[in-house]
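Undergrad: Below you will find the structure I want to go over with you.
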Amino acid sequence: MKTQRVIVVLHLLMVAVFGLLGWRLFYLQHCQADRYADEAYRSLHAFTRQEPQRGRILDSGGVRGRVLAASNKTQTVFVDPVMLGHWDNVMETSAALQDILGIGAMEICDLIAQRRTSRFVKISEGISEAQREAIVAANLQGVGIDTQWRRYYPMGALTSHVVGFIGGSADPNDADKIGLSGAEQAYESLLKGTRGNHVFIVDKRRYPIGLDTKRSIAARDGSSIVLTIDSTIQEFARSALMKQIQAYQAESGVAIVMNPWTGAILAMVSLPDYDPSEFWKVEGGRLRNRAVTDPFEPGSIFKPIVVAAALDRGHIGTTDSIYCEDGYYAKYRIGEWAGHRFGNMTIKGILRESSNIGMAKIGQKMGQKALYEGVRLFGFGQPTGVDLPGEDAGTLRPTREWSSYSVTRIPYGHEISVTAVQVTRAFAILANGGSPVKPHLVRAVIDDVGNVTHFNRQVSLAGHLIKPEIASWVVREALTEVVNEGTGKEAALQKWQAWGKTGTANIATNGRYDTVNYTASFVGGAPADVPRVVVFVSIRKPNKALGKGYSGGRVAAPVFREIMEKTLTYLEKSGQ
Amino acid sequence: MSRCRLIFIVFFLTVVLIGAVHMRVSSSRVFFRCRRAIVEQDNLRLQLGRKQLKLEELLNPSVISEHVENDAEPAP
């Protein structure tokens, strides 16, 4: 009886044990199946994230285009202090690294001592191939080599505002860097590429012995972009502008060189500038591309635009004569530049001598509506759509907000603000015979395998904003006279006939114009018969106290001349 | 006859097994060498890129302008 009971108990015990085993089996095979399958998969596979190479930014100069921005990998030696553990190991490792890297052992010890609990202490960045091989051969415990993409800007500050720079992503979980300025920002989606993942089958030493092609995704490098910028012309513009800014102790300056037939920007300089590799070292103002972000009152450089609009709509004729009130238009409280006194003047004479009163009367002949529409037609008060971030639209108030004075002020560039790109485009329209152009910076996009995916062709100009004969008269008759006999004599070229307009605009401070701060500008083109380029130059706040002058004709026109002469010679010699 | 057949089968299976293992090891070794070659190729490409960037820095029009200006300055 007792034996039988023992047998029953043993049976029950066995059933219970097998039951437990069965439950455990079920638990492992069913409930924990995913976890163990994942662990098994991980032990058999290794995963590497493949960061794509960011696309290059090239200029359109030379035979193949110069590199303005490119990514390359740099190798960084780091130490894991936790893995090193005891201080003796730290000393030993530091001594070994000293011989390879040429950095003092004590210096390395100091770096490690400062962050003893960290898992990553950077020792040296950008090591050479020989140093990398020496570190690998030394097989040092707790020492690793990290490889990361780094962005290089071989042209330095020369193209800083156009190319821009990259920096930390807004997403804290994303270690990537994204374009924060210039073309780097505007073309971020094209340049960045897509990340890949490699899944390797590994042996027990975790050496790769095969590639899991089903789970692997290849990285796709970013597309490269070719800009319309030519570094050589950019250098002409930058050096000429910088020289003048220094000579006149000015606050800042902008220069743009544009092809008037296509709207392609050949050079765009905004000073002061910065080195994109070290953008964080400069104060915010230098990072601004003033050519697109800073609106300013244009002053007299605005006059040819209003004259062209008035001629086109028939409000005035090219042979008309306007009485310029002998120097003071009392009813509207308008005087002439530098106290000049003019009587009857032709339209050409008004532009040549830059008469404010003559322009005010042209504005009155046009009336509010026609003046507003004419100015708007040239693109003022709206962004040009240039492919750079942060473009300002300028200010052209609707006519309902105009005072009775506005119609006399806007024609000579007051009560309106414009950007450098807007003015350059407006003059490009005059230069090409009245056809619209869109300022642009990208000439072509090349994908990661070298195919051209987008090409900005030299488009044939369609339609006219103003009549070609009007545009031609303004450029060839009126604006050449400004250079030959008027306020822009300093812009005259030896070999070519230049045309253009000077501008000297007061800068309003605390809502009032003062007699100290001015913006000196010159915008024009050459040659006059078939203009090849339009050049805009603007210098803000030249130091009047130097006694060397502060007008557009004195300060900006010589910069125009230097840029234009060098650019035309360069284009001629290079057969472009 | 049956013993010979057995020996043959055992021998054949052993050869197939050894062959399979050998081919697997060879495949792994070739793959590993291939990966090393790819990494080496990447390294060379990066070195070339580094040199090209250095060259671009030297051909920077600003740098050339500076050289030209320095050369143009009369000797003291």
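Undergrad: Heavy atoms only, probe 1.4 angstrom, no DNA, RNA or ligands counted: give me A:328, A:570 ranked by accessible area, highest first.
TA: Solvent-accessible surface, decreasing: A:328, A:570.
Undergrad: Of A:36, A:405, which has the most accessible area with a 1.4 Å probe, and how do the rest follow in descending order?
TA: A:36, A:405
Undergrad: Roughly what would the spin-label model give for residue A:455 and residue A:87, points 7 Å off Cα along C-beta, in nm?
TA: In this crude label model, residue A:455 to residue A:87 measures out at 6.9 nm.
Undergrad: While we're on this one: How many nm is it between the label spots at residue B:2 and residue A:114, if each spot is 7 Å from the Cα in line with the beta carbon?
TA: 8.4
Undergrad: Apply the Karplus curve 6.51 cos²θ - 1.76 cosθ + 1.60, θ = phi - 60°, to the phi angles in the range A:28-34 and return the couplings in whole Hz, x for Gly and Pro.
TA: 5, 7, 10, 5, 9, 4, 4
Undergrad: Can I ask one more? If you plug each phi of the range A:282-297 into the Karplus form 6.51 cos²θ - 1.76 cosθ + 1.60 with θ = phi - 60°, what whole-Hz ³J(HN,Hα) values come out, in order, with x for Gly and Pro?
TA: So the Karplus estimates, Gly and Pro as x, are 9, 6, x, x, 6, 6, 6, 8, 4, 5, 10, 9, 10, x, 8, 6 Hz.
Undergrad: While we're here: Under a plain spin-label model, where a point goes 7 Å from the Cα along Cα-to-Cβ, how far apart in nm are residue A:472 and residue A:134?
TA: The two pseudo-label positions are separated by 7.3 nm.
Undergrad: Name the residues whose placed amide hydrogens come within less than 5 Å of the amide hydrogen of residue A:440, ignoring near sequence neighbours (fewer than 5 apart) on the same chain.
TA: The list, which skips near neighbours in sequence, is A:264, A:265.
Undergrad: May I ask you to give the solvent-accessible area per residue for the range A:537-576, in square angstrom, as obtained with a 1.4 angstrom probe?
TA: 42
Undergrad: A further question follows. Take the Cα pairs of the range A:139-279, get the Kirkwood Rh, then feed it into Stokes-Einstein at 37 °C and 0.692 mPa s and tell me D in µm²/s.
TA: Approximately 175 µm²/s, per Stokes-Einstein.
Undergrad: Okay, moving on. Skipping prolines and chain starts, which residues have an amide H placed within reach, meaning under 5 Å, of the one on residue A:58, given they are 5 or more residues away or on another chain?
TA: Those lying under 5 Å, H to H, from residue A:58 are A:68, A:225, A:226, A:227.
Undergrad: So, one more: With a Förster radius of 22 Å, plug the Cβ-Cβ distance of residue A:397 and residue A:328 into 1/(1 + (r/R0)^6) and report the FRET value to the nearest 0.05.
TA: So, using R0 = 22 Å, E works out to roughly 0.25.
Undergrad: Evaluated at 37 °C with a viscosity of 0.692 mPa s, what Stokes-Einstein diffusion coefficient in µm²/s does chain A have when Rh comes from the Kirkwood expression over alpha-carbon pairs?
TA: 116
Undergrad: For the range A:257-387, what are Rg and Dmax over the alpha carbons, in angstrom?
TA: Both quantities, over Cα of the range A:257-387: 19.2, 57 Å.
Undergrad: Per residue of B:25-34, what is the mean number of Cβ atoms on other protein chains within 10 angstrom of that residue's Cβ?
TA: 3
Undergrad: Per-residue HN-Hα couplings for the range A:401-408, Karplus 6.51 cos²θ - 1.76 cosθ + 1.60 at θ = phi - 60°, whole Hz, x for Gly and Pro?
TA: Karplus-based 3J(HN,Hα) across the range A:401-408 equals 9, 7, 8, 5, 7, 4, 5, 9 Hz.
Undergrad: Would you please classify the overall shape of the range A:1-148 from the alpha carbon gyration tensor, given that a ≥ b ≥ c denote the square roots of the eigenvalues, rounded means a/c under 1.5, and beyond that prolate means a/b larger than b/c while oblate covers the rest?
TA: oblate
Undergrad: Now for a different question. Before we go on, tell me the buried accessible area for the A/B pair, both chains summed, 1.4 Å probe, in Å² to the nearest 100.
TA: Roughly 2100 Å² of accessible surface disappears when A and B pair.
Undergrad: Give the long-range amide H neighbours of residue A:345: residues separated by 5 or more places, or on another chain, with amide H under 5 Å away, using H modelled in the peptide plane at 1.01 Å from N.
TA: Correct list: A:322, A:323, A:324.
Undergrad: Further question on the same structure: Hey, if we sort A:251, B:56 by accessible area with the 1.4 Å probe, largest down, what's the order?
TA: The most accessible residue leads, giving A:251, B:56.
Undergrad: Still on this model: Considering only the other residues whose Cβ falls under 13 Å of the Cβ of residue A:377, what net charge follows from Lys and Arg at +1 and Asp and Glu at -1?
TA: Here the charged neighbours net out to +3.
Undergrad: Excluding ligands and nucleic acids, what accessible area in Å² is computed for residue A:476 using a 1.4 Å probe, to the nearest 10?
TA: Around 90 Å² of this residue is reachable by solvent.
Undergrad: If ligands, DNA and RNA are left out, what is the accessible area of residue A:26 with a 1.4 Å probe, given in Å² to the nearest 10?
TA: Only protein atoms counted, so the area is about 110 Å².
Undergrad: Carbon-plus-sulfur fraction of the accessible area of chain A, 1.4 Å probe, in percent?
TA: 52
Undergrad: Could you give me the radius of gyration and the Dmax of the range A:417-476, taking only the C-alpha atoms into account and expressing both in angstrom?
TA: Using the Cα atoms of the range A:417-476, the pair Rg, Dmax is 15.4, 49 Å.
Undergrad: Please give me, ordered by residue number, the trypsin sites (Lys or Arg not before Pro) of the range A:227-304 that lie in loop per DSSP and have at most 11 other Cβ atoms within 10 Å.
TA: Filter output for the range A:227-304: empty list.
Undergrad: Further, regarding this structure: Would you mind calculating the relative contact order of the range A:374-498 from Cα pairs under 8 angstrom and at least 6 residues apart, reporting the percent as a whole number?
TA: Relative contact order, the range A:374-498: 21 percent.
Undergrad: Oh, and also: Roll a 1.4 Å probe over the protein chains and send me the accessible area per residue for the range A:377-497 in Å².
TA: It amounts to 42 Å² per residue over the range A:377-497.
Undergrad: Taking a ≥ b ≥ c as the square roots of the Cα gyration tensor eigenvalues, with a/c under 1.5 meaning rounded and otherwise prolate when a/b beats b/c, else oblate, which class fits the range A:505-560?
TA: Prolate, since a/c reaches 1.5 and a/b exceeds b/c.
The values are calculated or read from the model by the stated rules, or taken from the named source; none is laboratory data. Worth saying up front: this structure is predicted, and the values here are computed from it rather than measured. Methodologically, a virtual Cβ is constructed for each residue, glycine included, from the backbone with ideal geometry; neighbour enumeration extends over all protein chains shown. Only protein heavy atoms, including side chains, enter the accessible area calculation; ligands, DNA and RNA are left aside. Shrake-Rupley method; radii C 1.70, N 1.55, O 1.52, S 1.80 Å.
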